[in-house]
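In what follows, a single structure is set out as structure tokens and then discussed.
The values are calculated or read from the model by the stated rules, or taken from the named source; none is laboratory data. What you see is a predicted model, and the numbers here were worked out from it, not measured in a lab. Note that each Cβ is placed from the backbone with ideal geometry, even for glycine, and that neighbours are counted across all protein chains shown.
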Amino acid sequence: MELIDLLHSEEVHVQQLDRLVKESLDEEKMLSIQLLEMEREEKPSFHQRVADGAASFGGSWKFIIIFLSFMFLWIGYNTVKSADPSFDPYPFILLNLILSCIAALQAPVIMMSQNRKEDKDRMRSRSDYMINLKSELEVRGLHRKVDLLISEEMKTLFLAQEKQIELLMQIQEQLGQSNGVRKGH
């Protein structure tokens with residue numbers, strides 16, 4: 001009868017732990033999903049999209065090929081002595097001015113795009129930190145649950161051992177009594 005009670009208490013304990021796990025899963029939404037939703041909600045402004053597009057184009061092979069082609073055409077046209085020889089003669093001062101203007105405009109646009117990417121990286125690192133922190137807290141919680149399970153299991157094992165010792169003592173007493181009855185016979 002006592003062994004059945006012991007098994008029943010173990011079953012109740014397992015059911016309680018199962019219920020706790022289900023409740024914790026139902027209550028919590030995963031942090032990584034929440035962070036991804038926050039990142040998706042953030043829409044870049046028109047100016048940010050323009051800066052990103054300009055930086056993307058300015059750092060591409062397409063831009064380099066177009067730019068080199070333009071320079072070769074400009075130099076070739078002005079070297080062959082076009083119809084208007086005073087357009088941009090050999091030191092190509094007008095070309096230098098255009099190149100300087102492009103560099104002066106392109107640098108801040110690229111920096112704006114890099115700052116935006118830096119902000120995104122900062123947000124990602126903050127999100128990673130939060131996920132790592134949550135993971136650490138979850139691991140600590142799991143350690144506590146495992147420790148609780150071990151202590152409950154130890155209590156159950158000690159109770160089972162006590163019951164077994166009691167049963168062995170009863171059996172030993174019964175054997176001693178039956179041996180005493182046989183000797184007296």
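What the table shows:
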| item | result |
| --- | --- |
| From ILE131, ILE98, ILE110, residue being assigned to a helix (DSSP H, G or I), touching a Gly at 6+ places or on another chain (Cβ under 8 Å) and surrounded by 12 or more Cβ atoms within 10 Å (Cβ to Cβ) | ILE110 |
| Close pairs (8 angstrom Cβ cut-off, 6 or more residues apart or separate chains): touching a residue at least 24 places away in the same chain (Cβ under 8 Å) in region 116-137, of a type in the set (Lys, Arg) and surrounded by 12 or more Cβ atoms within 10 Å (Cβ to Cβ) anywhere | none |
| Odd one out for ILE110 among (1) without any contact (Cβ under 8 Å) to a residue 60 or more places away in the chain; (2) in contact with a helix residue (DSSP H, G or I) (Cβ under 7 Å, 6 or more places away or on another chain); (3) over 30 Å from GLN48 (Cα atoms); (4) among the aliphatic types (A, V, I, L, M) | (3) |
| Residues being polar (S, T, N, Q) and at pLDDT 90 or above - total across region 61-100 | 3 |
